[in-house]
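The values are calculated or read from the model by the stated rules, or taken from the named source; none is laboratory data. On a predicted model such as this, the values are computed, not experimentally measured, just so you know. Positions of Cβ are backbone-derived with ideal geometry, glycine not excepted, and every protein chain shown enters the neighbour counts. Protein only, heavy atoms only, side chains kept; ligands, DNA and RNA dropped before computing areas. Shrake-Rupley method; radii C 1.70, N 1.55, O 1.52, S 1.80 Å.
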Amino acid sequence: MGCGGVRDKLTANGQWTLDGSDGELLLHTGVTGTAARMGHRLTIAMRSWQATVQWSGDDPVEVAVTVDLESLDVIRGEGGVTPLSGAEKKLVRANATKSLRTGKFPHARFRSTAIERDTDVIRLIGTLEINGRAGEQTVDIRVEDDGDSWRISGAAVVAHTDFGIKQYSMMMGAMKVADEVRVTFAAGHLKATA
């Protein structure tokens, strides 16, 4: 179901505010190289984030998201020669924060510059800032009626190379994190009560 006829979901000022308590923001990495089968495909949760959506009637007109990159938490790793241990999760986290240069650039930010609707998909086109660089980013979002709340889900692909982020590698590059990272988002927003 699309998001037409959604006036009852709006706050008094026509704005939604969502954060990590409303849902999840996940990164899904791949592995590449001649020794790729030895590496883990990771699922990483970003625990601290905030999104605001400005509405004009039934239409979203601006979306802004800020993610605290230090909040990244390695949830699981699939594949690999052995299961991903707790110590390895800590090492992955340390390597990721180093690659993202979170000491200098602690946040990733997205702000829409255009919003397109096609039946049940809202396409956000905007600017993503990460690692001190900015680039165009597209995010596809769905809003579905879930009874007393609205269910929002979305996905995007972000490439390391687009933002000057060095892909973590091992064994002289025979195994490294794939350039493209899939980002997924799922959250709920309670409908306004009369």
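Listing for the model above:
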read-out: Those residues of region 35-61 which are at pLDDT 90 or above and either crowded, with 20+ Cβ neighbours inside 10 Å or under 16 Å from Ser21 (Cα atoms) (or both), in sequence order; value: Ile44, Ala45, Met46, Arg47, Ser48, Trp49, Gln50, Ala51, Thr52, Val53
read-out: Residue check for Val157: closer than 27 Å to Gln54 by Cβ, in contact with a Leu (Cβ under 9 Å, 6 or more places away or on another chain) and either open to solvent by 50 Å² or more (accessible area, probe 1.4 Å) or not in a helix (DSSP H, G or I) (or both); value: no
read-out: Count of residues meeting criterion [part of a loop (DSSP other than H, G, I, E, B), open to solvent by 40 Å² or more (accessible area, probe 1.4 Å) and at pLDDT 80 or above] in region 165-190; value: 2
read-out: Count of region 74-103 residues which are within 20 Å of Ser48 (Cα to Cα) and open to solvent by less than 70 Å² (accessible area, probe 1.4 Å); value: 11
read-out: Condition met for Glu70 (touching a helix residue (DSSP H, G or I) at 6+ places or on another chain (Cβ under 7 Å), open to solvent by 50 Å² or more (accessible area, probe 1.4 Å), over 24 Å from Arg117 (Cβ atoms) and among the acidic types (Asp, Glu)); value: yes
read-out: Residues of region 113-124 classified as open to solvent by 30 Å² or more (accessible area, probe 1.4 Å), assigned to a strand (DSSP E or B) and in contact with a strand residue (DSSP E or B) (Cβ under 8 Å, 6 or more places away or on another chain), total; value: 7
read-out: Any hit, region 97-104, residues being over 18 Å from Leu69 (Cβ atoms) and among the hydroxyl-bearing types (Ser, Thr, Tyr); value: no
read-out: Selected residue (criterion: modelled with the lowest pLDDT) from residues of region 125-154 that are among the small types (Gly, Ala, Ser) and surrounded by 13 or more Cβ atoms within 10 Å (Cβ to Cβ); value: Ser149
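For (1) over 14 Å from the mean Cα position of the chain (by Cα); (2) in contact (Cβ under 8 Å) with a residue 60 or more places away in the chain, each residue gets a yes or a no:
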{"position": "Ile122", "(1), (2)": "yes, yes"}
{"position": "Thr138", "(1), (2)": "no, no"}
{"position": "Ser149", "(1), (2)": "yes, no"}
{"position": "Ile152", "(1), (2)": "no, yes"}
